Amino acid sequence: MSSAAITAIVLVICACASVLALWRGWSPPLMVSLGIGLALRLLVVYLAYGHTPMDVAVIFRHVAHAVLRRRDPLATLPRYQWNFLPFSDYLLAAELKIRWPWQVAVKLLPVACDVATIGLVGFFARPSAQNKARILYALNPLALLVSAWHGQIEPIAIMLGLSALLLARRQHALWAGIVLGFAVASKSWPLLFAPGVFRDIPRGRWWQTALGAVAVLAALLLSGPLLLHASIRRDVATILGYRSLLGAWGWTGILRYLHLAGLGFAGPHVDALQHVGTLITAVTLVAVVLVFRRCSGPDLTVAALLAFLAVTVGFGAQYLLWPAALLYASRRPAGYAYLFLASVYTAVFYLYALPRHEIAASRPGAVLEVCSVALIIAAVASMPWSELRSDGAAGPLHHRRRHIASVPALRQL
């Protein structure tokens with residue numbers, strides 16, 4: 001039996017266990033959830049050996065070698081292959097120095113951060129549901145695939161973003177900004193955590209949060225010329241010119257299926273849609289922040305993450321993991337539908353479509369495109385619409401804090 005087939009069986013078992021845990025209300029201690037989560041992720045790392053997607057197996061290794069040779073990955077890799085500040089570059093170089101097989105070493109930090117997220121997710125759930133949310137995330141097939149099969153940076157960024165949110169809720173303004181800065185430096189998309197972080201910080205201390213984030217980003221940008229012989233001007237232009245893969249998701253996936261859009265980062269039938277998509281995404285995110293501005297930081301964050309997934313033209317399957325932890329914490333029925341569909345999508349993508357190069361085919365199969373539409377509907381339904389009608393969530397920030405301070409269990413958050 002192939003590794004992909006065994007992995008599929010493991011994922012089905014995890015999905016069934018998740019349903020049973022939800023139905024029976026399982027609430028094991030934190031250490032049990034951490035142990036189960038770690039064991040499952042290590043098993044998938046073992047099964048994925050020799051099947052790790054090319055970006056992690058090849059491109060990430062080139063990034064690590066470039067750093068060790070004091071070369072700038074933004075200048076040495078093909079355009080659009082690497083468009084981030086060098087924080088993740090340094091982490092990859094450290095993993096390469098371990099001298100373990102690369103497909104194992106490169107997944108150490110993603111797996112470790114995903115296990116840490118098992119613990120973090122409980123802090124965003126109500127006290128009676130903390131351990132329930134943790135075991136559900138530990139069993140999450142989507143997280144297993146992204147962290148252990150793919151080994152992408154997403155779990156690192158998510159762990160840092162959630163940590164920044166938690167620090168903001170506990171009123172550590174400067175530290176929230178510092179951690180947010182590292183999250184944004186790991187990949188660009190954790191900027192979507194920023195509205196939620198600032199939402200839970202008093203306006204009079206916003207400058208501390210902004211100072212912490214800007215200081216981290218500036219230090220990492222300046223480290224390029226010092227450590228990697230990089231050009232700040234060129235690096236900034238490269239980062240601002242970031243694009244993701246178009247034509248494999250949502251409305252651009254449907255257009256591609258109808259032969260009205262291309263596939264890739266640039267080129268005919270791609271460039272124009274990338275520019276239009278950037279405008280649509282920016283307008284949508286501004287609207288979401290305005291609509292959900294009175295919600296709590298975590299609710300505002302999950303709304304922004306889901307809205308991005310609903311309208312973006314550029315997509316990677318690992319993006320589906322972004323809102324997972326906060327959806328498990330919120331325990332909304334529509335959120336469970338999203339998580340189920342996202343697990344199915346990523347399983348089909350990683351275990352079937354990607355190995356057979358179906359994503360790059362001239363006319364892709366309809367399974368992923370149709371599933372993406374269903375996922376987008378579930379994502380929109382999973383947004384915290386009910387909180388807009390909740391007096392507690394919609395009230396002014398100082399009123400909400402007064403309520404939290406009056407409840408011992410919430411005050412511990």
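The values are calculated or read from the model by the stated rules, or taken from the named source; none is laboratory data. Just so we're clear, the structure is a prediction, and the values are computed from it rather than from any experiment. Backbone-built Cβ (ideal geometry, glycine too); neighbour counts: all protein chains shown. SASA here: full protein model, heavy atoms, side chains in, ligands and nucleic acids out. Shrake-Rupley method; radii C 1.70, N 1.55, O 1.52, S 1.80 Å.
Here is a list: 347, 342. Which entry is at pLDDT 80 or above, touching a Pro at 6+ places or on another chain (Cβ under 7 Å) and part of a helix (DSSP H, G or I)?
Matching residue, one of 347, 342: 347.
Condition first: of a type in the set (A, V, I, L, M) and either surrounded by fewer than 24 Cβ atoms within 10 Å (Cβ to Cβ) or over 12 Å from the mean Cα position of the chain (by Cα) (or both). Now tell me which residues in the range 310-319 satisfy that.
Correct list: 310, 311, 313.
Closer than 15 Å to residue 90 by Cα, loosely packed, with under 15 Cβ neighbours inside 10 Å and not acidic (Asp, Glu), is that true of residue 68?
yes
Restricting attention to the range 10-29, which residues are closer than 13 Å to residue 139 by Cα and either open to solvent by 80 Å² or more (accessible area, probe 1.4 Å) or without any contact (Cβ under 8 Å) to a residue 12 or more places away in the chain (or both)?
12, 13, 16, 19, 20, 26, listed by residue number.
Across the range 262-277, what is the number of residues that are open to solvent by 20 Å² or more (accessible area, probe 1.4 Å), part of a helix (DSSP H, G or I) and in contact (Cβ under 8 Å) with a residue 24 or more places away in the chain?
Total satisfying the criteria: 2.
What pairs come up if the first residue lies in the range 148-162 and is under 22 Å from residue 47 (Cβ atoms), the second is among the small types (Gly, Ala, Ser) and open to solvent by less than 10 Å² (accessible area, probe 1.4 Å), and their beta carbons are under 6 Å apart, counting only those six or more places apart or on different chains?
Final answer for the pair search is 149/48; 153/88; 153/186; 155/147; 156/186.
In the range 198-215, what count of residues is obtained for those that are surrounded by fewer than 17 Cβ atoms within 10 Å (Cβ to Cβ) and under 17 Å from residue 160 (Cβ atoms)?
So the answer is 2.
Within the range 188-197, is even one residue among the hydrophobic types (A, V, I, L, M, F, W, C) and either more than 23 Å from the chain's Cα centre (by Cα) or surrounded by fewer than 17 Cβ atoms within 10 Å (Cβ to Cβ) (or both)?
Yes, the range 188-197 has at least one match.
Which number in (1) at pLDDT below 90; (2) open to solvent by 10 Å² or more (accessible area, probe 1.4 Å); (3) within 30 Å of residue 71 (Cβ to Cβ) marks the one condition that residue 225 misses?
(1)
Consider residue 158 carefully, then state whether it is in a loop (DSSP other than H, G, I, E, B), closer than 26 Å to residue 291 by Cα and either charged (D, E, K, R) or open to solvent by less than 30 Å² (accessible area, probe 1.4 Å) (or both).
Considered against the rule, which asks whether it is in a loop (DSSP other than H, G, I, E, B), closer than 26 Å to residue 291 by Cα and either charged (D, E, K, R) or open to solvent by less than 30 Å² (accessible area, probe 1.4 Å) (or both), residue 158 comes out as no.
Can you tell me which of 289, 214 is within 22 Å of residue 197 (Cα to Cα), touching a residue at least 60 places away in the same chain (Cβ under 8 Å) and in contact with a helix residue (DSSP H, G or I) (Cβ under 8 Å, 6 or more places away or on another chain)?
289
In the range 232-250, is there at least one residue being over 27 Å from residue 76 (Cα atoms) and assigned to a helix (DSSP H, G or I)?
yes
For the range 91-112, give me each residue that is open to solvent by 20 Å² or more (accessible area, probe 1.4 Å) and touching a residue at least 40 places away in the same chain (Cβ under 8 Å).
Passing the criteria: 91, 101, 103, 104, 109.
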